[in-house]
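Here the structure is laid out as structure tokens; the discussion comes afterwards.
Laboratory data are not the source of any read-out in this text; all were calculated from the coordinates shown. Model, not experiment: these values are computed from the prediction. Here the Cβ positions follow ideal geometry from the backbone for every residue, glycine too, while neighbour counts run over all protein chains shown.
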Amino acid sequence: MTTDPTLARIGQGVELHHHQGQREAARDLFAQIWDDIGGEQGDPLHVCVLAHSMADVQDDVHQELMWDLRALAAADRVTDEAVAQAGVPLPVAGLYPSLHLNLSECYRKLGDLDRAREHLQQARAGIGALGDDDYGRLIKGGLERLAEQLGEAV
């Protein structure tokens, strides 16, 4: 469990969206947190997790893609030390499969199947960093469903 207060606030937004069906309330909370952390100039871990979560509550796929790209760019600046200090139970490498899964899904929705397949392959290449836990199974299951939608071997 995270010990970082900003990540805990982001978790509240995820809870609003995924477990309470309050997509707009989650988006509003994420926008407030985005302002509080200083946007893209904020701590890279906060930017990554927040942008990744904000992408999920967008109504427009172009906005979703923009947030997912922000999350991926921020992930490249996150260190394992920062993740550990925040109490996140996986290494930085464990963030990439989910980030690439979401990007692949955006590109699939936009009809850019080449880019969708490219990000699917990048996500698959990183699944070794995921544990055999609920999160790891969630991401692996998402990759399998997306592979089927793209006509790729599972």
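The order of the peptides 90-101, 142-153 by mean Cβ neighbours within 10 Å, most packed first, is 90-101, 142-153.
Here each label is just a point 7 Å from Cα along the line to Cβ, and for Asp134 and Lys109 those points are 2.4 nm apart.
Set against the labelled values (i) 0.95; (ii) 0.97; (iii) 1.07, Rg/Rh (Cα atoms, Kirkwood Rh) computed from this structure falls on (i). For the chain, the residue among Val78, Gly141, Leu65 whose Cα projects farthest onto the positive side of the dipole built from Cβ charges is Gly141.
Rounded to the nearest 0.05, what FRET efficiency do Leu90 and Asp59 have when you use their Cβ-Cβ distance and R0 = 25 Å?
Numbers: r = 30 Å, r/R0 = 1.18.
So the FRET efficiency works out to roughly 0.25.
Subtracting the Cα-Cα distance of Ala125 and Glu15 from 0.36 nm times their residue separation leaves 36.7 nm of extension gain. Dipole size of the stretch 90-154 about its Cα centre, with +1 on Lys/Arg Cβ and -1 on Asp/Glu Cβ: approximately 100 debye, rounded to the nearest 20.
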